[in-house]
Structures are given as C-alpha cells and as structure tokens.
Amino acid sequence: MDVSRIVLPRTPSSGEPSGYSHHVHGALPGRTRASATPPACRCYNPKRMPVSFPIEKVIGKARSGRLLTPHGEVETPVFMPVGTQASVKGVPQETLEELGAQIILGNTYHLYLRPGIDTVRRMGGLHGFMAWPGAILTDSGGFQVFSLNELRKVTEEGVTFRSHLDGSSHFFSPESAMEAQIGLGADIIMAFDECTEYPADRERVRTSMELTLRWAERSKKYFEEHKQEVPWKDSRQPSAVSPQRKQVPHRASSPVRNDNGEERNEKRNEEPERDTGNWKLETRNSTQSLFGIVQGGMDRELRRESALRTVEIGFPGYAIGGLSVGEPRALTREIVESTLEHLPKDQPRYLMGVGTPEEIVEYASLGVDMMDCVLPTRAARHGLLFTSEGKVSIKQARYAQDEGPLDPGCPCRVCRRYSRAYLRHLYASNEVLAQVLNTIHNLSFYLDTMRRVRHSIQLGEESRFVSGVWSGPKP
Ligand SMILES: [Zn+2]
C-alpha cells in the first residue's frame with residue numbers, strides 16, 4: 001500500500017469512534033432513573049465528536065493532518081505556545097492569531113491557584129476569560145505539582161501540595177483535576193498522572209506507572225460523568241474577534257432605530273454584538289476531549305506496557321509524558337520512538353514538554369503530532385533567539401551597531417521592522433518591549449518551522465525538512 005495516499009475519513013462510518021468506550025445505556029451518570037425522558041445516547045453521533053483527526057499525508061513515520069476541535073481546526077504536526085497563566089507571556093491574543101497559532105496551552109495548577117477555577121468558569125471558561133476563540137489544551141496540573149512542590153505528599157487518593165504563592169495547602173486527585181479542567185473548559189484536557197522523577201530505579205518507575213494507570217481510569221470515569229458541565233457559552237454570548245474566521249458570520253443582525261433615532265441592536269437586553277465569526281457554532285453540541293498520558297520512565301518495556309494499558313482504557317488521543325526531565329537527549333529520542341510504536345496510528349500523539357527547533361522537527365519526523373514547550377518564550381525573555389542561522393544571544397556586544405534584521409530569513413513583524421542593534425539596546429536597558437518583541441520572533445520561528453515541516457510532509461519530502469533546522473549558536 002502506498003502510505004503517501006492514506007487518507008482517513010473525517011468521521012467513522014461504522015462502529016465506535018476509536019478510543020471511545022461505549023457506556024451502558026440508561027446508566028448515564030448524574031441523571032436519575034426517575035427522569036421522564038431518558039437522555040438519548042449520543043456516543044455514536046458524529047456531531048458530538050469532541051475531536052476528530054483526519055490524517056492527510058504520511059511520509060515515512062511523519063504524518064500531517066488536521067485536529068478538528070470544538071474551537072477550530074489545528075493543522076498538525078503542531079507546536080503549541082504555552083500560556084501558563086491564561087497568557088502567553090508578553091504576547092496579546094491578536095498577535096498570536098497573526099502568527100497563525102491555532103492552539104495554545106494553559107496550566108491547570110497555576111489557574112487553579114489564581115484566579116481560581118470558579119472565576120474562569122463564570123467567564124465561560126478560558127476561551128471567554130482570555131478572549132481566545134481558537135483551540136486550547138490544559139495540562140492536568142500533575143507536572144507542576146511534582147516540579148514546583150518539594151513538600152508534596154502522594155497517596156493512592158491523590159497529591160497534597162502547598163501553593164508556591166502563599167504556602168496554603170491543597171489537594172489534587174484525578175477527580176478534582178478533571179473538575180478543574182472541565183471548569184477551565186479547554187478543548188483538550190489531560191488525565192491526572194504522576195510524572196516519574198529521573199533517575200529512578202525500575203521498581204519505583206513501575207509503582208509510579210501503575211498509579212498513573214489507576215489515576216487514568218479514575219480521570220476518565222469522572223470526565224465521562226461530568227463532561228456536560230463544560231462552561232462554553234452559547235452563540236448569543238459576545239466573544240472575541242477572530243480575524244481568521246471573520247468571513248463566515250453566522251448571524252446577521254440588522255440595526256433598528258429607537259424612538260430617539262439612535263441605532264441599537266435588534267435584540268433587547270443584549271450587549272451589542274461583536275463579530276463572533278462562526279466558531280461558537282462548533283461548540284454548541286460538543287464536549288471536551290480527555291487524552292491519556294503514557295509514563296514508564298526511561299524503561300522501554302515499561303513504556304510499552306504503559307502505552308498498551310492506557311490505550312486499553314481508551315482515549316481519543318495519547319500523550320507521552322515524563323520526558324525532558326533531565327535525561328540525555330538521545331535517551332529521550334529512543335523512548336519517544338519506541339513508545340510511538342505502541343500508540344494508535346489513527347489518533348493524535350502528543351509529546352509533552354519538548355524541545356528545541358531541531359528537536360520538534362525530529363519528533364515530527366518520528367510521527368509526533370503535537371508538542372509544547374516553554375523554551376521559545378522563556379529563552380526569548382532571556383535574550384536567546386532562534387534564527388535560521390542558529391541561536392542568537394542578543395546581548396552580545398557584536399550586535400551593538402548591527403543594522404541588520406534579527407533573522408534575514410524570518411518574515412515576522414519584528415524582523416521586518418527592527419534592527420539587531422535596537423533589540424540589543426532594548427534588552428540591555430531591561431525594557432518590557434524587549435521581552436515582547438523577542439517572544440514574538442521566537443514563537444514566529446517555531447510556528448514557521450512547523451509550517452515548513454507540514455509543507456514538506458505534504459510534498460513528500462521526508463529527508464529535506466529533517467536537516468533544515470539548526471539550534472546551535474549562530475557562528
Ligand atoms: Zn522574526
């Protein structure tokens with residue numbers, strides 16, 4: 001079979017959508033048997049598919065496709081900018097749109113502590129709160145609990161931890177982590193897992209992996225019982241403008257004149273409508289998607305077992321977690337490559353927390369569909385800029401009189417307008433604008449890199465894109 005011609009159907013034509021287990025009719029959680037009209041089972045209704053993932057092209061192990069979420073389409077392989085506290089640090093949402101970001105990340109741990117889940121829920125979830133109409137993914141909070149809390153206490157039930165903000169005590173369980181993520185309302189949410197530390201001996205890795213598997217089952221159970229509680233507002237709510245989606249207004253509202261001759265909106269007691277585009281329509285009958293996470297430390301056999309047993313529990317997508325925790329890069333690659341072999345080929349695969357531009361290209365070539373990392377944004381704030389000529393440390397004296405653009409090969413608004421000398425001055429003067437401009441460039445570089453990767457896959461050029469990116473220092 002010619003793999004380059006594989007095109008998966010958008011919606012399953014028969015049988016269950018892969019990754020969804022069938023629940024027992026009449027036993028829908030949260031509903032009483034006394035209910036006059038039993039709720040219709042919607043598990044076969046393609047319109048209620050929270051995400052679908054048509055793969056369009058496969059070259060070697062790499063694939064390009066489209067992740068269809070309730071808040072729009074995400075072209076894959078994709079790099080997802082990290083917006084820890086409902087903000088990609090230094091970059092307004094309209095700039096993210098301009099850069100072509102289709103999905104961003106939020107961190108449950110941070111948002112749970114501040115501003116709190118209830119506040120975000122009341123604002124219509126993260127989409128409404130941060131005025132971001134595109135897709136969002138939240139992590140489960142597990143990783144931050146493990147990385148920011150030395151005093152955490154892990155039990156079968158969950159994790160007790162102290163807030164890094166005020167030292168107050170908190171508890172996350174698979175159930176409360178799901179409740180928090182449903183309240184935040186991201187399109188894709190993650191099972192609560194334990195990120196195994198590195199190094200760890202085999203017994204410890206196995207114990208941790210088993211705990212993650214039990215937590216995955218509990219996460220799924222709670223999610224299935226509560227997924228209808230997602231706070232997405234219906235289409236009458238005003239929403240942010242999405243320039244990419246402006247062309248398909250879903251409702252025309254003709255202004256009428258009141259007694260004073262002033263124009264007002266036809267519908268009473270409503271805020272004047274902003275241009276909502278058509279994205280709200282997609283959310284009306286949808287729910288979030290819960291992805292499972294494969295753990296298993298640096299042990300290929302345990303990774304295989306974790307993958308198989310997580311797939312057995314059944315999720316619409318799978319993440320590889322517990323990597324980039326201090327292990328050598330060659331080992332990361334080996335574990336990623338071997339784990340991918342055990343994940344379903346027709347479902348999205350998400351590698352958490354990687355990497356450099358070279359690495360994201362490499363992982364895409366291995367068949368990873370989604371990646372996220374704080375590197376481009378964090379490095380930018382430290383004056384480290386990724387360019388087509390290698391990594392630039394903008395504080396270096398060599399750029400003090402340099403009139404050239406940061407990256408001659410970059411079409412971003414920073415490279416089109418400003419000189420290296422100016423960017424160096426901003427950084428040296430500790431100007432806020434330095435962080436803003438540096439971050440915009442680095443994100444643009446990452447997003448462009450993945451755009452080129454997708455293009456190469458679509459053209460069938462496996463070898464060309466793998467060799468095209470250089471993350472070492474600029475000569
Ligand atoms: Zn640029």
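Values for this structure:
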quantity: Mean Cβ neighbour count within 10 Å, used as a protection proxy, ranking 172-184, 221-233 highest first; calculated: 172-184, 221-233
quantity: Inverse of mean 1/r across different Cα pairs in the range 148-190, Kirkwood, Å; calculated: 11.4 Å
quantity: Distance histogram for the range 306-455 (every C-alpha pair counted, 5 angstrom bins, percent rounded to whole numbers); calculated: 2, 9, 18, 18, 15, 12, 10, 8, 5, 3, 1, 0
quantity: Kirkwood-Stokes translational diffusion coefficient of the range 319-393, alpha-carbon pairs, 4 °C, 1.567 mPa s, µm²/s; calculated: 98 µm²/s
quantity: Sequence of F386, F171 from largest to smallest accessible area, 1.4 Å probe; calculated: F171, F386
quantity: Alpha-carbon Rg/Rh ratio, for the range 375-475, with Rh computed the Kirkwood way; calculated: 1.01
quantity: Peptides ranked, highest mean first, by Cβ atoms within 10 Å: ranges 366-379, 67-80; calculated: 67-80, 366-379
quantity: Segments 81-87, 114-120, 409-415 sorted - mean Cβ within 10 Å per residue, highest first; calculated: 81-87, 409-415, 114-120
quantity: Share of alpha-carbon pairs per 5 Å distance bin for the range 66-170, given as whole %; calculated: 2, 11, 21, 20, 17, 13, 9, 6, 1
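The values are calculated or read from the model by the stated rules, or taken from the named source; none is laboratory data. This structure is a prediction, so every number in the text was calculated from the model and none was measured. Positions of Cβ are generated from backbone atoms using ideal geometry, with glycine treated the same way; all protein chains shown enter the neighbour counts. To get the accessible areas, we keep the full protein, side chains included, count just its heavy atoms, and leave off ligands, DNA and RNA. Shrake-Rupley method; radii C 1.70, N 1.55, O 1.52, S 1.80 Å.
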